[in-house]
Amino acid sequence: MKTYSVDTWTEVKDSLKSIEQDRLDIASEFELSLRPPSFLYRGQSNSDWDLATTLERVVRRPVLITEYYRHVLITRPQVEAFSDTRWELMDLKEYTEWAESRSDLEWAEYPGYEYMIYLRHHGFPSPLLDWTRSPYVAAYFAYTNIPNNAENVAIYCYSETIGVGKSWSASEPLITVKGPYARSHKRHFLQQCAYTVCSKLGDHGLEYTSHEEVFALENKTQNVLWKIIAPRSTAQDALRDLDSMNVNALSLMGSEDALIQTLGIREYLLKDA
């Protein structure tokens, strides 16, 4: 992972351009001609935090995908009753048969994906690590709700490949990108979301595991990661610029609470004293 440490919001934006050039330089080094996938971006309001899913933070161990799906199924009756929305899901027996036929999640139909997105956006522990296709949406999430003990924020830029096919073995952890086209929560579309899952074939079947295992391999042509670190003092400049682009809580959440949050930021943070 290449890290850019910057001092101003302008340097954050300059670093985003430099990262695009970095990827072109790597492709040239390996004489790769295939068009790489679009960058994915993620903002975190503490640069010291790992890239961890909400499921990892709760469970802190690899979780069989069948074990997780069982918990997903348990939620469905209550969610459907409360939201008046029906979700078509495989039963556990069918899902288990599907899972036992797989050694990885690459290129696979991902049963329950749309419902998992819905649960993720409502705070249910999830193996989906959420990203956005917009660096400015990522920056907004980096600069909001910064913990008191955080000195710096971070914006991550992820490229699944540089311009060559992916390679891996079944026993190795694999990051799989799951795309944006899914019927789910409206925030999925407002935030230009995409998701990654990290899985590997364990002793008892396919399991969700840590993204950090893959990033630690430092592969130059796949799962390439950049990190921009900026001091929390750049938040006012960043949020003012982002608000002028209509990147704010209201545009990204679309709720009454988000409207009030946006107004509060404008009144107390973005106005000059």
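Based on the Cβ-Cβ distance from S18 to V58, what FRET efficiency comes out when R0 is 22 Å, to the nearest 0.05?
On the way: r = 36 Å, r/R0 = 1.63.
So, using R0 = 22 Å, E works out to roughly 0.05.
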Using a cut-off of 19 Å between alpha-carbon atoms, which aspartates and glutamates can reach K271, once sequence neighbours fewer than 8 places away in the same chain are excluded?
D237, D241, D243
In whole Hz and in residue order, list the ³J(HN,Hα) couplings for the range 229-235 that follow from phi through the Karplus curve 6.51 cos²θ - 1.76 cosθ + 1.60, θ = phi - 60°; x for Gly and Pro.
10, 10, x, 4, 5, 7, 4
Between E213 and R70, Cβ-based FRET efficiency (R0 22 Å, step 0.05) works out to 0.35
Tally Lys and Arg at +1 and Asp and Glu at -1 over the other residues with C-beta under 15 Å from the C-beta of S171: what net charge comes out?
-4
About its Cα centre, the chain carries a charge dipole, from +1 on Lys and Arg Cβ atoms and -1 on Asp and Glu Cβ atoms, whose size in debye to the nearest 20 is 400 debye
Per the charge dipole of the chain (beta-carbon charges, Lys/Arg positive, Asp/Glu negative, Cα centre), the residue among S167, L217, A142 reaching farthest to the positive end is A142
With loop defined by DSSP as not H, G, I, E or B, and exposure as at most 14 other Cβ atoms within 10 Å, which is the longest segment of the chain clear of exposed chymotrypsin sites (Phe, Trp or Tyr not before Pro)?
182-273
log10 I(q)/I(0), Debye, Cα-only the range 2-270, no solvent, q = 0.09, 0.10, 0.16 Å⁻¹?
-0.45, -0.55, -1.32
Hits among lysines - C-alpha to C-alpha of K17 under 22 Å, sequence gap 8 or more where chains match:
K2, K220, K227
What is the Cα centroid distance between the range 195-233 and the range 120-159, reported in whole angstrom?
15 Å
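Let me know the shape class of the range 76-172, please: from the alpha-carbon gyration tensor, a ≥ b ≥ c as square roots of the eigenvalues, rounded when a/c is under 1.5, otherwise prolate if a/b is greater than b/c, or oblate.
Details: a/c = 2.52, a/b = 1.22, b/c = 2.07.
The shape class here is oblate.
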List the residues of the range 237-251 whose backbone N lies under 13 Å from a point placed 7 Å from the Cα of L259 along the Cα-to-Cβ direction.
250-251
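Go ahead and estimate [θ] at 222 nm for the chain from helices alone: -39,500 (n - 2.57) per DSSP H run with n ≥ 4, summed, over the residue count, rounded to 500.
Numbers: 11 runs with 108 residues, N = 273.
That calculation yields -11500 deg cm²/dmol at 222 nm.
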K178's amide H: which non-local residues (gap 5+, or another chain) put their own amide H closer than 5 Å, with H modeled 1.01 Å from N in plane and none for Pro or chain starts?
Y195, T196, V197
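Do any trypsin sites (Lys or Arg not before Pro) in the range 55-126 lie in a DSSP loop with no more than 13 other beta carbon atoms within 10 Å, and if so, which? It would help to have the intermediate numbers written out before the result.
Numbers: sites: R57, R60, R70, R86, K93, R102, R120; in loops: R60, R86, R102.
Passing both the DSSP loop test and the Cβ count: R60, R86.
FYI, it's all coordinate maths here, none of it is from the lab. All values derive from a computational prediction rather than experimental measurement. Backbone-built Cβ (ideal geometry, glycine too); neighbour counts: all protein chains shown.
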